[in-house]
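> Below is the structure I would like to discuss, written out as structure tokens.
Nothing in this text is a laboratory measurement; each read-out follows from the coordinates by a stated rule. All values derive from a computational prediction rather than experimental measurement. Reconstructed Cβ throughout: ideal geometry from the backbone, glycine too, with neighbour counts over all protein chains shown.
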């Protein structure tokens, strides 16, 4: 019943790719005077997939950025996305177990509410594709100031799986509840 009541189907979104190597390429583009980043030129396949799937589903991407695996830069980028018109923030990268993977630590402490079911379902769906390696993912989602944040792994297949199989299917339903 709640799903049927979720009338609004299109939202403004931000996509943040968290990758030190890709951030270096993005910074080079900015230094050369480029104001808009192109994920294909940066080699950001995951960001490219996220932008494409969101746009094809009728959502408007109002912010795309690439930043390094640095706590302060991640926090600043998420805060910038939250203060923009974006209602939904999708991050890719920094969710693994390496010492440089700090996205989860930074973003989770910003959450007012956690959406644990997202990570649980994501790992279940991942298990169907990659087997027990799915336990390595720390993908999470939560709510901040009436906006939802999804933290996805940097793998292109993980981004596609999360968006196609979970996020895009449930986003109107999630946003209905977030706004209540």
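> Which residue, 132, 20, 91, tops the fluctuation ranking in a GNM of the chain built on C-alpha contacts under 10 Å?
Most flexible of the set in this elastic network: 132.
> Can you put 95, 17, 103 in order of Cβ neighbours within 10 angstrom, beginning with the fewest?
95, 103, 17
> For the chain, set up a Gaussian network in which alpha carbons nearer than 10 Å are linked by springs, and say which option among 148, 78, 62 fluctuates the most.
62
> Using a Gaussian network model on the chain with a 10 Å cutoff between Cα atoms, which of 108, 134, 14 fluctuates the most?
Greatest mean-square fluctuation among the candidates belongs to 134.
> Turning to a different aspect of this structure: Pairs of alpha-carbon atoms within less than 8 angstrom and 6+ residues apart define the contacts here; what relative contact order does region 8-178 have, in percent?
Numbers: 315 pairs, mean separation 45.7, N = 171.
Dividing the mean separation by the residue count of region 8-178 yields 27 percent.
> Could you work out how much longer the chain between residue 145 and residue 29 gets when fully extended? Use 0.36 nm per residue separation minus the Cα distance between them, nm to one decimal. Before the final figure, lay out each step's value.
Details: separation 116, 0.36 × 116 = 41.76 nm, distance 3.21 nm.
38.5 nm is the gain from fully extending residue 145 to residue 29.
> Also, I was wondering about something else. If eta is 0.890 mPa s and T is 25 °C, what Stokes-Einstein diffusion coefficient results for region 8-178, Kirkwood Rh from Cα pairs, in µm²/s? Mind showing how you got there, number by number?
Numbers: Rh = 15.8 Å.
D, rounded to a whole number, is 155 µm²/s.
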